[in-house]
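Peer 1: First the structure, which I've put down as structure tokens, then a few questions once you've had a look.
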């Protein structure tokens, strides 16, 4: 997915109005906010092929009744691109993977409810996980040789941990991203990245 199409994974349309309102200002405020929202949805859908998730509020977070807006506003729309974040994560993991056989790089997998999926869902009401089912994934992450050096030589180790940190920094206002060790196919402690909705503030 073109990064330019979703440069802002959290885009906010904010419309406010001076205190000295003229008649019809509330309707104007609502119209401008909704028109801006419609343009963003159309642009994202045209480029990505599907609309992003979104939420909106008037005056304060949690007030989804835009008609209740109290002047001068604002009306705020927030957009979420969880599946795009997952694709960015996969690309980063593949780029940082050792390529001796290529199997590890090709095996980074998205999981929803513990089951592998081809792509992240377009809408997300729950967490998704990215991990790697090859039996030596944990060894590549933090394994050491008998001499005490990192098992990986071709590339730096802690691949999942480093990608998770980069995602946390880039998308901290968009999603809750964590690095952990997870259970996959009956095996414990596989390196994983968890992507979920942002925590309530």
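Peer 1: Given a Förster distance of 41 Å, report the FRET efficiency between residue 162 and residue 63 from their Cβ-Cβ distance, rounded to the nearest 0.05. Display every interim value, and only then the final one.
Peer 2: Values: r = 39 Å, r/R0 = 0.96.
The value I calculate is 0.55.
Peer 1: Apply the a/c threshold of 1.5 to the C-alpha gyration tensor of region 83-196 and tell me whether it is rounded, prolate or oblate. Could the numbers behind the result be given before it?
Peer 2: Values: a/c = 1.85, a/b = 1.56, b/c = 1.18.
Cα axes put region 83-196 in the prolate bin.
Peer 1: Round to the nearest 0.05 the FRET efficiency obtained for residue 122 and residue 172 when R0 = 25 Å and r is the Cβ-Cβ distance. Before the final figure, lay out each step's value.
Peer 2: Working: r = 22 Å, r/R0 = 0.89.
Efficiency at R0 = 25 Å is approximately 0.65.
Peer 1: Let me ask you something else. Could you list 129, 41 so that the one with the fewest beta carbons within 10 Å of its beta carbon is first and the one with the most is last?
Peer 2: Details: 129 22, 41 15.
The most exposed by this proxy come first: 41, 129.
Readers should treat all values here as calculations from the given coordinates under stated rules, not as data from a laboratory. Since the structure is predicted, the reported quantities are computational estimates derived from the model, not experimental observations. Here Cβ is always computed from backbone atoms with ideal geometry, including for glycine, and neighbour counts include all displayed protein chains.
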